[in-house]
């Protein structure tokens, strides 16, 4: 009969126990390492988001300050007041206010051109006169929009009546318009009986809600404005707005945009020469070459978050407050489209000279 060595048995048991403990400790160490790495990544992500927020606020306030103190030319907002005025003085083209409308060559454009701001932040400025004002733009411009949106011509007058009924302070019903009872039947909030506050409010207007159903918020904000702007600024209008001018087609719009990238138009005569199909009445009465005292500023991080659009209005004569106000702000989704144009570097020391990757002198891509 075999005798079992208890000491060998105990030694084997201890060895197995030690190995099991080592495996458990290794698993615990791996879990701690993974948790620690995840915590570090999360902390870094939070730090990046916070830095992005700081850079976005810095970029916004810097641009609003520049808009309020720098003079503007046909090319946009100048970046060096003393130098730019000196250039204008040498050319002897200063106006009575000491400003020059002719470009000096280093302006920040107001046509939604993407630029690099502070840190990883990208931005674009858009002049209100480059957009369509439903309350002030020419009927011909609005009618071309209705046609492009696929609205039958017999419904155009009704859309105008409904928009006016939505804003006027009374309950009187225009022909083919819409008042509170009509909105209740359609399951919509009642009319505000005040002027539209932002382009997105057009979605609440009876009839317009159906017409604009296929438009994104970004498309609406990039086409419409609530500012008192009866003329279209051909130096800042996006292609979608330029196409609404009678006599314009996509090929002419492309040619006009390409030309103003090189040098802004400086006269209506130049516009008439460039686009000979524009009727004389359009050139004289429906377009302008100068920017407005209001517009939009869109900001977004090159890597994180969403787009933020703020509508600004300059208020230089408002005592005791900042010389601008923010009328509304909108959060927009940020797509990553590879065909987006390259963001320019503003020729101003107020913005960081390096790109979003930290490499100096290289252009940063503007992402969606």
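Structural remarks
- For segment 272-303, a residue qualifies if it is under 11 Å from residue 235 (Cα atoms) and surrounded by fewer than 21 Cβ atoms within 10 Å (Cβ to Cβ), and the qualifying residues are 288, 289, 290.
- Residues of segment 158-192 classified as under 14 Å from residue 135 (Cα atoms) and either outside any loop (DSSP other than H, G, I, E, B) or touching a helix residue (DSSP H, G or I) at 6+ places or on another chain (Cβ under 7 Å) (or both), total: 9
- Total residues in segment 251-275 satisfying the condition of being without any contact (Cβ under 8 Å) to a residue 24 or more places away in the chain and touching a helix residue (DSSP H, G or I) at 6+ places or on another chain (Cβ under 8 Å): the figure is 9.
- Any hit, segment 177-200, residues being within 18 Å of the chain's Cα centre (by Cα), crowded, with 17+ Cβ neighbours inside 10 Å and in contact (Cβ under 8 Å) with a residue 24 or more places away in the chain: yes
- The residue that is surrounded by the fewest Cβ atoms within 10 Å (Cβ to Cβ), counting only those in segment 304-326 that are over 16 Å from residue 127 (Cα atoms) and at pLDDT 90 or above, is 323.
- Test result for residue 205, touching a helix residue (DSSP H, G or I) at 6+ places or on another chain (Cβ under 7 Å), at pLDDT 95 or above, within 22 Å of residue 332 (Cβ to Cβ) and assigned by TED's automatic domain parsing to the domain that holds residue 179: yes
- Flag if residue 167 is surrounded by 16 or more Cβ atoms within 10 Å (Cβ to Cβ) and over 30 Å from residue 48 (Cα atoms): yes
A quick yes/no check of all residues on (1) outside the structural domain of residue 126 (by TED's automatic domain parsing); (2) modelled with pLDDT under 90:
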position: 22; (1), (2): yes, yes
position: 26; (1), (2): yes, yes
position: 32; (1), (2): yes, yes
position: 35; (1), (2): yes, yes
position: 39; (1), (2): yes, yes
position: 57; (1), (2): no, no
position: 62; (1), (2): no, no
position: 69; (1), (2): no, yes
position: 76; (1), (2): no, no
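- The residues in segment 327-341 that are over 14 Å from the mean Cα position of the chain (by Cα) and at pLDDT 75 or above can be counted, and the count is 1.
- All conditions but one from (1) within 17 Å of residue 230 (Cβ to Cβ); (2) in contact (Cβ under 8 Å) with a residue 24 or more places away in the chain; (3) not assigned by TED's automatic domain parsing to the domain that holds residue 237 apply to residue 166; the one that does not is (1).
- Some residue of segment 122-129 being surrounded by 17 or more Cβ atoms within 10 Å (Cβ to Cβ) and either at pLDDT below 90 or assigned to a loop (DSSP other than H, G, I, E, B) (or both): no
- On inspection, residue 161 fails the criterion of being in the same structural domain as residue 330 (by TED's automatic domain parsing) and either under 20 Å from residue 219 (Cα atoms) or surrounded by 15 or more Cβ atoms within 10 Å (Cβ to Cβ) (or both).
- From the options 239, 250, residue that is modelled with pLDDT under 95 and either on the phi > 0 side of the Ramachandran plot or surrounded by fewer than 16 Cβ atoms within 10 Å (Cβ to Cβ) (or both): 250
The values are calculated or read from the model by the stated rules, or taken from the named source; none is laboratory data. All of these numbers come straight from a predicted model, not from anything done at the bench. Every residue, glycine as well, gets a Cβ built from its backbone with ideal geometry; the counts of neighbours run over all protein chains shown.
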